[in-house]
Structure formats: structure tokens, C-alpha cells
């Protein structure tokens, strides 16, 4: 049953594109006189991590959850998860930022890889609100940085004469923009998500029982997105006093090969699923050079290690892939549910084509 304070004004569904929405398209009313101690803006609120953050914080006393959405049809889903308010937010439209951040104390920040340039601008905007914004929890990736480690962007881990993957640099720039903005920040540096490598092959898995990518026999400690949501919610709950200027590497409990991933997936689906190796040239033809060079780091041991940070945060071991596939998260969905949900990456499309030219600010 939803708390009485969570209600959503009816919104028009006649729009064919969400961008022109006015800032007043979403609103809520409250029947409670208890003033929350914190108001959090959850960006990418319907994403596989964001929805977990919404569901967890909605059950946390003293939190008011503002869920940010770009697509109006997703608003009801967020109120059903427990969001106190749903607000229109477009990372590419700065005119939506002020209303979304009204009365907000802390921010869960996540953005699609191609929108790095817009995230850099949003970070700078948050820097103008330093007296208001007390904490930002940012989603990032395990990899290159210059505040907790040191790296040469021109030195590849395993290929002589090559630079590190551009996307790896991008994740650091996303972190650095918040650090430079002067807001208290916590960064969750995650390994590749469980299911991330399979979502583009789901039709093939359903129809033919196999998937392919260039990882071969390499093992990687893929991370459960529900665990990331749990860690993000915990950092927001405990606040900047405990987690400001902290950088946590989140992984799964054990590194797995693609053959082992196929075995777990097949068991969860009740059918045989197999892995077939793919050449990097074919993978690049499917997704473009920027993503292909990033995936090379999944074959050279860079993402093999298992981090203790999730255990140190929560007191339990990370979720295994088999558990993720079959056990619902806080938002009520299993990994099998998530496997069939929206995905940025599409075969035959280079989603990073334009973003590859982004420069650090």
C-alpha cells in the first residue's frame, strides 16, 4: 500500500515526444505535516540502478524522494515505487534543472555515456548551489583516475603504443567535474553490469539459445545493479559525514567467464544457453570503435579483481549472477526482468559516435 502523501496529478499522454514538457507537467501533494530531514533528487530514476535507489529511499524515514523523469509515461511507475514527487528533468535542457533541484539537499547522479558533455555542464550548475546541495552520489566505472591513483592516458594496459580506452577517461571526467564544482561527492566505481553484455542479444538467446561477444575465456567480476542501488542508497542515508570524498569500487563476488555466465543464464531460463566467441572486428562493426576499445579491457584482466568495498559498506557479500537473475530487488524485479528492458546499445548503431569528441572541462 502506498503512503497517503504519494499521489500524482494526472498528466497528458497525448504527447509524442517528451522534450517540450513544461516544468509544471509533474506535481504531487502531501497530506503529512512531518517535515523530512532530506530531499533527494534521483536522476535516471527509471534506470536499473535509479529505480532501486527510489524504492529503498522511499522506505527510509526522513527522506523525501524526488524522482526525475524524461518520459512522462514512466511517472506512474515511480509513484508506485514510492516516490513522493515526480519531476521532469532533461540533462540536455538546462531550463529543467532549477525546478527539479528546488528544495533538494542531495542528488543521485547517473547519466548515459553519450551525454557526458551535458553531465559536465550539470556538474558546474550544481557548483553554483554549493550552499544548498550537501551531497552528490555519482555512478561511475572502475578505471583510470588521478585522485586515488595515477595513470598515463597514452599507455594501454596490454597493447603497446595504444592509449587507454576513451570511455575510461570519460568516466573520470564525469567524476572530476563534480569534484571541481566543489560539492561533497561520493563515487561508486562499478565493474560492468551483469546482463550488460547480453541485452543486445536477447532475441537471439530466446530464439536460438546463444549469444556472442569478444570476451572469450576472460573472467570478469560483473556487478549486480541492485547492489549498486543498495550502496548508493546507503551512502545517501548515512550522508556526507560518512561518505563525502570517498570512492568505492563495486564488483560481483567472483569473476566469471562468458561460458559460466551462459550456464547461469540457462539454468535461470530453464533451457540451454551457450556462448560463441566473436572477433573484435565484428564487434566494432556492431557497436563502433569507442565501445570496442573499452571492451578490450574486459579481455586483459583489468576487470577481473573482486573488491571488498560492497562488503565494507553493507556487511554482506555481493550478489552472484545466479542470485540476481532469480531474486527480486527492492523495486520488485529480477535480473531476468531487467534483461528484456530498455537498452542504450543497439547492433548496427554507434551510440558513442558524437560523444567521442567530448573534451574535459
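Could we say that residue 342 is crowded, with 19+ Cβ neighbours inside 10 Å, in a loop (DSSP other than H, G, I, E, B) and at pLDDT below 95 here? When the stated conditions are applied, residue 342 does not pass them. For residue 314, the conditions (1) in contact with a helix residue (DSSP H, G or I) (Cβ under 7 Å, 6 or more places away or on another chain); (2) buried (at least 16 other Cβ atoms within 10 Å of the Cβ); (3) under 27 Å from residue 187 (Cα atoms) all hold with the exception of (2). If residue 189 meets every condition in (1) touching a helix residue (DSSP H, G or I) at 6+ places or on another chain (Cβ under 7 Å); (2) not in a helix (DSSP H, G or I) apart from one, which number is that one? Failed condition: (1).
Out of 275, 303, 321, I need the residue that is at pLDDT 95 or above, farther than 30 Å from residue 238 by Cα and buried (at least 18 other Cβ atoms within 10 Å of the Cβ). Which one? Sole residue among the options that is at pLDDT 95 or above, farther than 30 Å from residue 238 by Cα and buried (at least 18 other Cβ atoms within 10 Å of the Cβ): 275. Determine whether residue 348 is modelled with pLDDT under 95, on the phi > 0 side of the Ramachandran plot and over 18 Å from the mean Cα position of the chain (by Cα). In short, yes. Of all residues in segment 136-177, those satisfying the criterion of being under 19 Å from residue 245 (Cα atoms) and assigned to a loop (DSSP other than H, G, I, E, B) are 142, 143, 144, 145, 146, 147, 148, 149, 150. Number of residues in segment 133-156 that are within 20 Å of residue 109 (Cα to Cα) and surrounded by 14 or more Cβ atoms within 10 Å (Cβ to Cβ) equals 13. Taken together, the residues in segment 285-300 that are surrounded by 18 or more Cβ atoms within 10 Å (Cβ to Cβ), assigned to a helix (DSSP H, G or I) and in contact with a helix residue (DSSP H, G or I) (Cβ under 9 Å, 6 or more places away or on another chain) amount to 10.
Examine segment 202-212 for a residue that is touching a helix residue (DSSP H, G or I) at 6+ places or on another chain (Cβ under 6 Å), surrounded by 16 or more Cβ atoms within 10 Å (Cβ to Cβ), closer than 30 Å to residue 274 by Cβ and modelled with pLDDT of 95 or more, and state whether such a residue exists. Yes: segment 202-212 contains one or more residues that are touching a helix residue (DSSP H, G or I) at 6+ places or on another chain (Cβ under 6 Å), surrounded by 16 or more Cβ atoms within 10 Å (Cβ to Cβ), closer than 30 Å to residue 274 by Cβ and modelled with pLDDT of 95 or more.
The values are calculated or read from the model by the stated rules, or taken from the named source; none is laboratory data. The structure displayed is predicted, hence computed values, not measured ones. Don't worry about glycine lacking a Cβ; one is built from the backbone with ideal geometry, like all the others, and counts go over all protein chains shown.
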